[in-house]
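Have a look at the structure below before the remarks.
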Amino acid sequence: MMKTIITFILTVICLSGFGQRKDNRIVIGTADTVYSKILNEKRVVYVHVPDGDKGERYPVLYVLDGENHFESAVAIVEQISGIIPNMVIVGITNTNRERDLTPTHVEPYALLSLNESKQSGGGENFMAFMEKELIPYVDARYPTINYRVFSGHSLGGLAVMNAFFNHTNLFKAYIAIDPSLWWDHEHWIKTYQAELSRRDFTSKALFVAMANDMPAGIDTIALMKDTATIAPVTHAVFPFVQTLRSTRPKGLRWGSKFYPNEWHGSVELNAEYDALRYLFNFYRFDMGRLRADPELNADSLLNTHFVTVSAMMGLKVLPSESNVNDLGYFFMGINKLDKAYALLKRNTINYPQSANAWDSLGECYVAMGSKQKAVEAYQKSLSLQETADTRKKLEELQSRKP
């Protein structure tokens with residue numbers, strides 16, 4: 001496949017964690033071109049890769065309507081990284097939205113124009129493009145792990161629900177934001193609702209966001225008694241969520257939220273944030289409790305927590321080098337060198353190619369009075385990356401008398 005890298009730039013807002021070029025532009029990702037044999041066209045995707053530790057790999061968030069939602073997704077993930085894992089973000093831009101995001105062909109009716117109807121029903125081809133072309137392309141070229149989240153709003157939410165039911169194992173988690181479940185007179189969603197109690201969704205997660213699309217003076221009780229044409233999205237989504245509550249699908253971890261002060265066009269930002277917080281509510285380790293009670297076994301608690309996180313994500317997840325490093329220095333600062341050593345030593349095991357991890361371990365050895373081990377740690381750090389700071393510390397240490 002052909003790849004074209006184009007700098008994707010935000011010139012108006014500055015967001016922490018994004019790369020800054022010498023000309024002071026803020027770069028949040030690249031525009032990558034993938035040729036699809038299945039769709040017989042070039043597709044442009046926006047890709048954001050975190051500025052993480054050397055060799056680190058990340059879960060992937062695939063966002064539909066990328067031309068509209070990529071920037072906000074990057075901002076959210078970067079802002080709450082640590083509460084949730086940092087992620088590679090792939091924004092899929094549109095060429096034919098009605099074709100790609102609709103699961104079935106539908107004849108025109110009150111909610112669907114003739115032109116929209118003619119193009120509808122290409123959802124399965126689009127999912128084949130994702131499964132057989134886009135995802136392998138991303139995994140081959142970017143630092144990914146086999147944990148994928150799929151997010152979409154409106155018709156994008158409908159496409160997410162199609163993937164949830166018909167390509168369940170392609171993603172670990174699904175975010176459907178005010179999904180257009182009104183599609184096909186609601187027949188499509190009602191067919192799949194009936195299957196919820198018979199399906200196994202073990203290790204899968206789903207978040208459904210619902211905007212307040214109801215006219216003034218109409219509540220949900222009145223809406224359910226009326227036709228879907230008053231507020232078609234709400235009319236279809238509320239019963240689906242009620243079905244989730246009553247059927248309790250096997251193995252599925254799911255959540256939902258109603259946004260009374262947001263409408264269909266404004267709900268996406270808040271919902272994306274809430275969805276990611278919900279889907280990864282198991283991820284965050286509370287470093288504050290170790291600072292509050294330094295007698296706790298920090299190394300053991302961290303390991304236990306991330307064993308649980310690994311089980312939830314279905315793959316081995318390590319605590320971030322930076323968090324462990326900060327905690328190690330905290331224990332060095334209060335002269336609990338055994339605890340600091342356990343943490344900083346484990347960082348070199350988890351991230352053996354990190355010059356910073358070896359440098360920090362060297363400082364711990366110095367504090368412990370282990371000169372030779374400190375020298376060896378600094379030398380290892382410099383073999384990975386030459387830095388003036390580490391070189392200075394090594395030379396000063398070697399110049400000291402035994």
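Miscellaneous remarks
- Residue count for region 77-104 satisfying the condition of being in contact with a strand residue (DSSP E or B) (Cβ under 9 Å, 6 or more places away or on another chain), within 25 Å of Tyr283 (Cβ to Cβ) and part of a helix (DSSP H, G or I): 2.
- Taken over region 177-204, residues that are touching a residue at least 24 places away in the same chain (Cβ under 8 Å) and assigned to a loop (DSSP other than H, G, I, E, B) amount to 11.
- Gln398 exposed (fewer than 15 other Cβ atoms within 10 Å of the Cβ), part of a loop (DSSP other than H, G, I, E, B) and not hydrophobic (A, V, I, L, M, F, W, C): no
- Leu327 within 26 Å of the chain's Cα centre (by Cα) and either closer than 30 Å to Ala173 by Cβ or modelled with pLDDT of 95 or more (or both): yes
- The criterion of being closer than 20 Å to Glu41 by Cα and touching a residue at least 40 places away in the same chain (Cβ under 8 Å) holds for Val90.
- Of all residues in region 340-361 being in contact with a Lys or Arg (Cβ under 7 Å, 6 or more places away or on another chain) and either open to solvent by less than 10 Å² (accessible area, probe 1.4 Å) or closer than 12 Å to Ser320 by Cβ (or both), the one that is modelled with the highest pLDDT: Leu361
- Boolean, Ala298 is within 28 Å of Gly157 (Cα to Cα) and among the small types (Gly, Ala, Ser): no
- Here is the figure for region 192-219: residues that are at pLDDT below 90 and either acidic (Asp, Glu) or open to solvent by 50 Å² or more (accessible area, probe 1.4 Å) (or both) total 6.
- Among the numbered conditions (1) open to solvent by less than 10 Å² (accessible area, probe 1.4 Å); (2) over 25 Å from Leu112 (Cα atoms); (3) touching a residue at least 40 places away in the same chain (Cβ under 8 Å); (4) assigned to a strand (DSSP E or B), the only one that Tyr174 does not meet is (3).
- Close contacts from region 284-302, counting a first residue that is without any contact (Cβ under 8 Å) to a residue 60 or more places away in the chain and a second that is of a type outside the set (D, E, K, R) and exposed (fewer than 12 other Cβ atoms within 10 Å of the Cβ), with Cβ to Cβ under 7 Å and a gap of 6+ residues or different chains, come to Pro294/Ile334.
- Test set (1) out of contact with any Phe, Trp or Tyr (no Cβ under 7 Å at 6 or more places or on another chain); (2) within 29 Å of Leu394 (Cα to Cα); (3) not small (Gly, Ala, Ser) - Asn297 fails condition number: (2)
- Here the condition is being of a type outside the set (Ser, Thr, Tyr) and either within 30 Å of the chain's Cα centre (by Cα) or at pLDDT below 95 (or both); of Lys373, Lys380, Lys401, it holds for Lys401 alone.
- Filter result for Ala367 (open to solvent by less than 10 Å² (accessible area, probe 1.4 Å), among the small types (Gly, Ala, Ser) and either in contact with a Leu (Cβ under 7 Å, 6 or more places away or on another chain) or modelled with pLDDT of 95 or more (or both)): no
- Scanning region 99-112 for residues that are at pLDDT below 85 and open to solvent by 50 Å² or more (accessible area, probe 1.4 Å) returns Pro108, Ala110, Leu111.
- In region 370-395, the residues that are open to solvent by 50 Å² or more (accessible area, probe 1.4 Å) and either closer than 19 Å to Asp326 by Cβ or of a type outside the set (Lys, Arg) (or both): Gln372, Glu376, Gln379, Ser383, Gln385, Glu386, Ala388, Asp389, Glu395
- Residue check for Asn68: within 24 Å of Thr348 (Cα to Cα) and either without any contact (Cβ under 8 Å) to a residue 40 or more places away in the chain or of a type in the set (S, T, N, Q) (or both): no
- Residue selected from region 136-171 under the condition assigned to a helix (DSSP H, G or I) and in contact with a Phe, Trp or Tyr (Cβ under 6 Å, 6 or more places away or on another chain), by the criterion surrounded by the fewest Cβ atoms within 10 Å (Cβ to Cβ): Phe165
- Some residue of region 72-84 being open to solvent by 10 Å² or more (accessible area, probe 1.4 Å) and without any contact (Cβ under 8 Å) to a residue 60 or more places away in the chain: no
The values are calculated or read from the model by the stated rules, or taken from the named source; none is laboratory data. None of these values were measured; they are calculated from a predicted model. So basically every Cβ, Gly included, is an ideal-geometry build from the backbone, and we count neighbours across all protein chains shown. Heavy atoms of the whole protein, side chains included, go into the accessibility calculation; ligands, DNA and RNA do not. Shrake-Rupley method; radii C 1.70, N 1.55, O 1.52, S 1.80 Å.
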